1. Which residue pairs have Cβ atoms closer than 8 Å, lie 6 or more positions apart in sequence or on different chains, and pair a first residue in region 140-168 that is over 14 Å from G123 (Cα atoms) and touching a residue at least 12 places away in the same chain (Cβ under 8 Å) with a second residue that is charged (D, E, K, R) and crowded, with 17+ Cβ neighbours inside 10 Å?
2. Go through G69, G51 for me and flag whichever is over 19 Å from the mean Cα position of the chain (by Cα), over 21 Å from M124 (Cβ atoms) and surrounded by 13 or more Cβ atoms within 10 Å (Cβ to Cβ).
3. Please work out which residue is farthest from the chain's Cα centre (by Cα), limiting yourself to region 128-147 and to residues that are closer than 18 Å to S114 by Cβ and aliphatic (A, V, I, L, M).
4. So in region 1-42, with the set limited to residues that are in contact with a Phe, Trp or Tyr (Cβ under 8 Å, 6 or more places away or on another chain) and among the β-branched types (V, I, T), which one is farthest from V61 (Cα to Cα)?
5. Would you check if there is a residue in region 4-23 being within 30 Å of the chain's Cα centre (by Cα), among the aromatic types (F, W, Y), exposed (fewer than 10 other Cβ atoms within 10 Å of the Cβ) and not in a strand (DSSP E or B)?
6. Of all the residues that make up region 33-63, how many are assigned to a strand (DSSP E or B) and free of Cβ contacts under 8 Å to residues at least 40 places away in the same chain?
7. Under 6 Å between Cβ atoms, at least 6 apart or on separate chains: pull out the pairs that start in region 108-133 with a residue that is over 11 Å from Y165 (Cβ atoms) and end on any residue that is of a type in the set (A, V, I, L, M) and in a helix (DSSP H, G or I).
Amino acid sequence: MKQKIMTIVIIMVLLWIVLFPRGEKVETVDLEAKPLSIISVEIIGAVEFPGIYHFFEEVTVGDALAYAGNTLIDADMSLIMTSELITRNRQIFIPSMNQEIEAPKILVNVNKASFKELITIPGMTETRAASLIIYREAHGDFKHIDELINVKYIGIATLEKIRPYIKL
């Protein structure tokens, strides 16, 4: 009698497995549109068509210069790296050999600058800019540029890199 019950139970388990198999996992694909990031590059100096150019993906300095109609004959390209990849908004100044004009340097006030203004500083990443704003809101305005060393993600090397571009 016990053998019949055991046999029936085993047969029922096997039938259950055959008739009701486990369902397959369905993988879904996210087709949601991702926002486009626009990289604005201002090209000034010895180029045919100076101005602001907008790109939807990373571009090299050489490709950006091609959009500006390339450089003029008297352009001094000795300090320009055309293979450098542009990944964020920036300004490119192409000096002329005939002029002794220094690239315009716009100082950013770290006590009043918005997030967008802070990330235009060479060497300032989005993470550093966000940390600077958080620190500024928590502790008030900076009294000296050296206080930036207290901001998370800004070390001595970063501070020295961004120092020429900032003011209080």
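1. Hits for this filter: F142/R136; V151/R128.
2. One residue alone meets the criteria, G69.
3. A138
4. So, considering only residues that are in contact with a Phe, Trp or Tyr (Cβ under 8 Å, 6 or more places away or on another chain) and among the β-branched types (V, I, T), the one farthest from V61 (Cα to Cα) is I38.
5. Our first condition is that a residue be within 30 Å of the chain's Cα centre (by Cα); within region 4-23, this holds for none.
Among the residues of region 4-23, not one is within 30 Å of the chain's Cα centre (by Cα), among the aromatic types (F, W, Y), exposed (fewer than 10 other Cβ atoms within 10 Å of the Cβ) and not in a strand (DSSP E or B), which makes the answer no.
6. Looking only at region 33-63, we keep the residues that are assigned to a strand (DSSP E or B), and these are 39-45, 47, 51-55, 59-60.
Applying the additional criterion that residues be free of Cβ contacts under 8 Å to residues at least 40 places away in the same chain yields 51-55, 59-60.
Within region 33-63, residues that are assigned to a strand (DSSP E or B) and free of Cβ contacts under 8 Å to residues at least 40 places away in the same chain number 7.
7. Short answer, once both residue conditions are applied: F115/A129; I119/A129; A129/L118.
Residue-by-condition table, conditions (1) surrounded by 11 or more Cβ atoms within 10 Å (Cβ to Cβ); (2) of a type in the set (D, E):
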residue: N109; (1), (2): yes, no
residue: F115; (1), (2): yes, no
residue: E137; (1), (2): no, yes
residue: F142; (1), (2): yes, no
residue: E147; (1), (2): yes, yes
residue: N150; (1), (2): no, no
residue: I156; (1), (2): no, no
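The values are calculated or read from the model by the stated rules, or taken from the named source; none is laboratory data. Quick caveat, the model's predicted, so the values are computed rather than measured. Quick reminder, even Gly has a Cβ in these numbers, built from the backbone with ideal geometry, and neighbours come from all protein chains shown.
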